[in-house]
Structures are given as structure tokens and as C-alpha cells.
Amino acid sequence: MSRPISKTSKRQRGLKMLKTMKHMKREAAVEKLQERLDIGKSYAQTIHGTFRTQMKENKTMPQVFSVQDSRDGKKCKPYIRMQNVLKPKKADCLTPGEAKLAYIATLKKKLEQVNHL
């Protein structure tokens with residue numbers, strides 16, 4: 001059973017505020033928390049980190065997929081890499097299938113360049 005919401009808790013008020021500032025940059029969000037809640041920078045950063053962790057656990061943060069074929073600069077078997085981001089770009093792949101198709105397209109471009117030599 002969870003605790004009831006406290007109206008005086010700065011942490012709970014900060015997490016509620018961050019829900020409205022999802023797409024704001026981290027530094028700006030931390031400054032807003034400091035300003036509105038009258039707290040220190042380190043505590044505001046802790047609240048922001050807690051918010052991001054909760055978003056990842058609840059799977060409300062967008063996931064971006066890509067196919068990687070090297071680790072530490074060495075070639076390896078291609079694998080799908082998943083990364084949590086706040087603002088996905090238009091070129092980012094939001095599903096593993098899209099990532100595979102993008103990887104195959106880059107391989108085809110490389111083969112075409114080699115064939116034209």
C-alpha cells in the first residue's frame with residue numbers, strides 16, 4: 001500500500017511539476033525546480049533523476065533502436081541496440097524492424113558504391 005500524497009512534500013510536488021516539463025532540457029528543468037521549490041541544486045538533480053528513472057520503468061520514455069556492427073572499434077556480429085531518449089529525431093527508428101531495414105539500406109548503398117569502382 002502506498003503512502004498518501006503529501007501536499008508539503010517538495011519531492012512529490014517536483015515530480016508532479018516535471019510531468020508538465022517532460023521535453024524541457026535537464027539544466028532548465030533543474031533550474032525551474034530550484035526556483036519554484038526553493039531547494040538546492042543537488043536535490044533538484046536527484047528529483048530529476050528519479051523522474052527519468054520512473055519514466056524508463058513505466059516505459060513512457062521513447063525507445064530508439066539501431067543496428068550496430070562493431071564494438072570498441074572491432075567488427076562483430078550485427079546486433080540491435082536500444083536506447084531511451086527524451087526527444088527522438090525524425091531519422092531515429094522507433095521499432096527493431098525499422099532499424100533492420102535502415103541497416104540493410106546502408107549495406108545496399110555500400111555495395112552499390114563498391115560495384116561502381
Q: Kindly indicate the residue of the stretch 1-11 that is of a type in the set (D, E, K, R) and in a loop (DSSP other than H, G, I, E, B) and also nearest to residue 48 (Cα to Cα) among those meeting that condition.
A: 7
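Is it the case, given these coordinates, that residue 35 is over 29 Å from residue 89 (Cα atoms) and modelled with pLDDT of 85 or more? Full working, then the answer.
Numbers: over 29 Å from residue 89 (Cα atoms): yes; modelled with pLDDT of 85 or more: yes.
Yes, satisfied.
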Q | Failed item, numbered, when residue 98 is tested on (1) surrounded by 13 or more Cβ atoms within 10 Å (Cβ to Cβ); (2) closer than 24 Å to residue 7 by Cβ; (3) not aliphatic (A, V, I, L, M) | A | (2)
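Looking at residue 80, is it part of a strand (DSSP E or B) and surrounded by 13 or more Cβ atoms within 10 Å (Cβ to Cβ)? Break it down stepwise before answering.
Numbers: part of a strand (DSSP E or B): yes; surrounded by 13 or more Cβ atoms within 10 Å (Cβ to Cβ): yes.
In short, yes.
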Q: Check the stretch 56-68 and report whether any residue there is farther than 30 Å from residue 8 by Cβ and more than 16 Å from the chain's Cα centre (by Cα).
A: yes
Q: With the condition kept exactly as written, say whether any residue in the stretch 16-29 is within 30 Å of residue 91 (Cα to Cα) and either touching a residue at least 60 places away in the same chain (Cβ under 8 Å) or in the same structural domain as residue 93 (by TED's automatic domain parsing) (or both).
A: yes
(Q) Go through the stretch 12-70 and report how many residues are in a strand (DSSP E or B) and surrounded by 14 or more Cβ atoms within 10 Å (Cβ to Cβ). (A) 5
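The values are calculated or read from the model by the stated rules, or taken from the named source; none is laboratory data. The model shown is predicted, which means the values in this text are computed figures rather than measured ones. Ideal geometry is used to build each Cβ from the backbone, glycine not excepted, and the neighbour counts take in all protein chains shown.
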